[in-house]
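Take a look at the structure set out below.
The values are calculated or read from the model by the stated rules, or taken from the named source; none is laboratory data. Predicted, not measured: the structure shown is a model, and the values here were computed from it. When we count neighbours, we look across all protein chains shown, and the Cβ atoms used for this are built from the backbone with ideal geometry, even at glycine. Remember, those area values only see protein heavy atoms, side chains included, never the ligands or the DNA or RNA. Shrake-Rupley method; radii C 1.70, N 1.55, O 1.52, S 1.80 Å.
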Amino acid sequence: MSTGQAFGLNCSREPPTATVKRVEIPKPDGGVRKLGVPCVADRLIQQALLQVLQEQWDPTFSGHSYGFRPGRSAHQVVAQAQCYVAAGYSVVVDLDLEKFFDRVNHDSLRAREALLERPDNAGRAIAGCRAPDRAAGSQAEVPLVGLVEGHALSGQIDRLVVEKNRVLVVDFKTLRPPPATKAEVPPLYLRQLALYRAALGRIYPGREIRCALLWTEGPRLMPISPERLAGYPA
């Protein structure tokens with residue numbers, strides 16, 4: 001098995017460019033709202049899964065939930081709030097889970113999803129639409145947020161492969177010529193990989209964490225050893 005195959009990549013050609021387009025929308029409070037615009041194929045897959053799962057999941061939601069549900073809208077929220085005021089209530093509370101999908105334990109979430117999914121439909125749909133050049137268990141553009149050794153981490157792993165005994169991390173570098181040697185890799189890239197490695201070591205204790213940089217010009221896959229990352233973060 002080649003290094004590229006070990007990381008769930010087909011390096012015989014340039015990696016697919018049909019990835020989610022990341023857009024950052026400024027917020028009034030100074031932060032940004034990250035918006036992902038998927039390609040047509042991903043959007044088609046999302047809609048197909050929604051049609052399979054929504055019929056089963058939607059009845060389990062709270063009657064007070066109006067967000068992104070069929071037959072419900074923001075106008076109904078306002079109308080319901082007006083009814084509460086007319087009934088004599090003086091306080092209306094609006095709740096939102098900030099950055100929920102950035103911080104949720106995805107293993108726990110998947111375990112709960114398994115209780116509701118219909119594997120005959122949803123599982124087949126996911127398996128049939130998996131890109132052919134990705135290894136089993138490979139995930140693309142995985143958000144990672146946390147605090148590692150006093151350093152705030154808020155990033156996105158371009159390719160993550162979780163196996164029984166190891167976790168593989170690949171960070172894509174586009175529009176940048178690859179360095180001639182690993183010694184010439186910018187410290188900023190090494191620090192980023194080291195933070196990813198430290199965070200994933202806590203999420204998946206006992207598993208080997210392997211990291212690599214993929215320079216899309218070439219392309220060239222450059223594994224980075226744990227020893228090389230030992231001095232970071234600094």
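Using C-alpha positions alone, give me the convex hull volume of segment 136-189 per residue in cubic angstrom. Hull volume normalised by residue count: 142 Å³.
Of the chymotrypsin sites (Phe, Trp or Tyr not before Pro) found in segment 44-89, those that fall in a DSSP loop while having at most 11 other beta-carbon atoms within 10 Å are PHE68, TYR89. Note on segment 132-234: percent of Cα-Cα distances in each 10 Å bin, starting at 0 and stopping at the bin with the largest distance, equals 14, 50, 32, 4.
As a fraction of the 1.4 Å probe accessible area of segment 134-205, surface on carbon and sulfur atoms comes out at 55 percent. Straight-line reach from LYS182: taking Cα to Cα under 18 Å and skipping same-chain neighbours fewer than 8 places apart, the lysines in range are LYS173. Distance between the pseudo-spin-label points of GLU208 and ALA41 (7 Å out from Cα toward the beta carbon): 3.1 nm.
VAL170 exposes around 0 Å² of accessible area when a 1.4 Å probe is run over every protein chain in place. Taking amide H as placed 1.01 Å from N in the peptide plane, the amide H of ILE224 sits under 5 Å from that of CYS211, ALA212, LEU213, each at least 5 places away or on another chain. Probing with 1.4 Å while keeping every protein chain in the model, the per residue accessible area of segment 55-103 equals 89 Å².
Database remark: amide H of GLN156 closer than 5 angstrom to the amide H of LEU144 (H placed geometrically; neighbours at sequence offset of 5 or more, or on other chains; Pro and chain starts carry no H). Modelled spin labels at GLU149 and ILE25, positioned 7 Å past Cα toward Cβ, are 3.7 nm from each other. Summing charges over neighbours of ARG197, with a neighbour being any other residue whose Cβ is under 15 Å away from its Cβ, gives +2 when K and R count +1 and D and E count -1.
The 3J(HN,Hα) values that the Karplus relation (6.51, -1.76, 1.60; θ = phi - 60°) gives for segment 151-161 are, in residue order, 9, 6, 10, 9, x, 9, 7, 5, 9, 10, 10 Hz. Gly and Pro appear as x.
If the chain linking ALA183 and GLU55 were pulled fully straight, counting 0.36 nm for each residue of separation and taking away their Cα-Cα distance, it would gain 40.7 nm. Of the trypsin sites (Lys or Arg not before Pro) found in segment 146-213, those that fall in a DSSP loop while having at most 13 other beta-carbon atoms within 10 Å are LYS164. Placing one equal scatterer on every Cα of segment 27-97 and applying the Debye formula, the log10 ratio I(q)/I(0) at q = 0.14 Å⁻¹ is -0.72.
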